[in-house]
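What follows is a single structure, written as structure tokens, with notes after it.
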Amino acid sequence: MKLEKSNLIGNKVVQISGSKSISNRLLILENLFNHIEIGNLSNSQDTQLLKKALSENNDVVDIHHAGTAMRFLTSYYSICEGKTTILTGSERMKERPIKNLVTALQNLGVEIEYLENEGFPPLKIVGKKITHNKVDVPANISSQFITSLLLIAGKLENGLEINLIGEVTSRSYIEMTLDILTRFGIKNSFNGNTITVKKLEETINSKTFEVESDWSSASYFYSICALGKEIIHLKSFFEESTQGDSAISKIYEDFFGIKTIFSTNDYKITLQPIQDFQLPERIVLDMNNCPDIAQTLCVTAAALKIHFEISGLGTLRVKETDRLQALYNELKKLGTVTEITDSTIKSISFDKPEDNISIQTYQDHRMAMSFAPFCLIQELHIEDENVVEKSYPLFWEDLSKIMAKESI
């Protein structure tokens, strides 16, 4: 997709679909406990794939690139008594490690077999009743592994106690899950490194859950606002959000001068550039609790030639692609030379961008969307633009609503 150099049109309103993270959690709980209606469900490909898998109840389930679905369904099928499920995905999914989750479930008594490579999908899962209720899990693994266990915990005969070994990664996502469990009436606690979830003994009364819009999707518009210096309105967002990526509002106010104004009547937020804001010389951040918005921040900083040093990004190595390596490769095309480690990225120098920028997306939706705002600086081409369907199918349509082609 060619993105011509554009100007931002101010005061436009963009309605963003429900959070993929919240939607996927609610879909699992809906199927476990019934009597639940979900409003503003995410229209992302990941969520639709998960919804389809849960509704069809097939013996072989292919979730393609949907990492969240792979992780959540691994635990879900583990407690489907008497059912054997083959859970598989794309070639990239077969390269994404799942051993820590599988080991935890095996320690709880679940029968799971690797069908190809040890530690990776596809999996053969034999569902059974779980009575064991204590398990140790490394704390620095993906929070989705831990959430996967938490989502089934209220259905287990004796509940579940998870002891997290080491320093917790992406704690905000775990707390989001526990908050949702609480809203379902599932009692839980998170003390120190121990999470305890009690079995839900009573039937859930019919409830409707309205899904807050996705803050990681909002991040791209924060970047656009920072580069385009015009007001943007987004819906539907809560001031008291449980999404870790809501940290984007403070980050962009502190470092890029974009103030977030909340409207409680219609859940609209206004992104407003602060006049005469002095950009910093350097951004130093630990994004351990919100790694999914790191790509967006790096592109914004690169476009504005602000040096950055971001840590806490270890999980980015095992996402849809190795996101740190992908950032290193593609930021070079913007003229930004970086240095990466297993969990950090640091800018080294800023040079002139390439004349004909073509951004490779590596089958990663966030690569496409995080680099798109650079069209406010210079024309660029986004390869394989359809990858956005994974989390934000209407992204290009929404982007076109607020962009005006620069007149020559």
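The values are calculated or read from the model by the stated rules, or taken from the named source; none is laboratory data. Note that the structure is predicted; figures quoted are calculated from it, not measured. Cβ placement follows ideal geometry from the backbone for every residue including glycine, while neighbour counts extend to all protein chains displayed. Heads up: the accessible areas ignore ligands, DNA and RNA and are worked out on the full protein's heavy atoms, side chains in. Shrake-Rupley method; radii C 1.70, N 1.55, O 1.52, S 1.80 Å.
When THR315, THR300 are checked against the criterion of being in contact (Cβ under 8 Å) with a residue 24 or more places away in the chain, surrounded by fewer than 24 Cβ atoms within 10 Å (Cβ to Cβ) and of a type outside the set (A, V, I, L, M), THR315 stands alone in meeting it. Looking at the structure I just gave you, is SER75 in contact with a helix residue (DSSP H, G or I) (Cβ under 9 Å, 6 or more places away or on another chain), within 17 Å of LYS390 (Cα to Cα) and surrounded by 22 or more Cβ atoms within 10 Å (Cβ to Cβ)? In short, no. Only strands (runs of 3 or more DSSP E) whose full extent lies in the stretch 176-276 are considered here, and the ones with at least 2 residues that are open to solvent by 30 Å² or more (accessible area, probe 1.4 Å) and among the polar types (S, T, N, Q) are 188-191, 194-197.
Set side by side, the residues ILE152, ILE146, ILE141 differ, and just one is open to solvent by 10 Å² or more (accessible area, probe 1.4 Å) and assigned by the TED database to the domain that holds PHE72, which is ILE141. Would you confirm, using the coordinates I've provided, whether GLU397 is surrounded by fewer than 21 Cβ atoms within 10 Å (Cβ to Cβ), in a helix (DSSP H, G or I), at pLDDT below 95 and not assigned by the TED database to the domain that holds THR169? So GLU397 does not fit the description; no.
Taking the listed residues SER343, SER349, the one that is polar (S, T, N, Q), more than 30 Å from GLU397 (Cα to Cα) and surrounded by 18 or more Cβ atoms within 10 Å (Cβ to Cβ) is SER343, with no other qualifying. Of the residues making up the stretch 16-67, those that are within 20 Å of LEU178 (Cα to Cα), in contact with a Lys or Arg (Cβ under 9 Å, 6 or more places away or on another chain), in a helix (DSSP H, G or I) and open to solvent by 10 Å² or more (accessible area, probe 1.4 Å) are LYS20, LEU32, PHE33.
In the set (1) over 20 Å from TYR252 (Cβ atoms); (2) buried (at least 17 other Cβ atoms within 10 Å of the Cβ); (3) not acidic (Asp, Glu), HIS307 fails one condition alone, (1).
Any idea how many residues of the stretch 238-266 are touching a residue at least 24 places away in the same chain (Cβ under 8 Å) and out of contact with any Phe, Trp or Tyr (no Cβ under 6 Å at 6 or more places or on another chain)?
Restricting attention to the stretch 238-266, the residues satisfying the condition of being touching a residue at least 24 places away in the same chain (Cβ under 8 Å) are 238-239, 241-249, 251-252, 255-258, 262, 264, 266.
Now drop any that are not out of contact with any Phe, Trp or Tyr (no Cβ under 6 Å at 6 or more places or on another chain), which leaves 238, 241-242, 247, 249, 251, 255-256, 262, 264, 266.
The number of residues fulfilling the criteria is 11.
Of all the numbered requirements in (1) crowded, with 17+ Cβ neighbours inside 10 Å; (2) on the phi < 0 side of the Ramachandran plot; (3) not in a strand (DSSP E or B), TYR362 misses one, and that requirement is (2). Residue-level analysis places LEU164 among those that are among the aliphatic types (A, V, I, L, M), assigned to a strand (DSSP E or B), within 22 Å of the chain's Cα centre (by Cα) and outside the structural domain of GLY244 (by the TED database).
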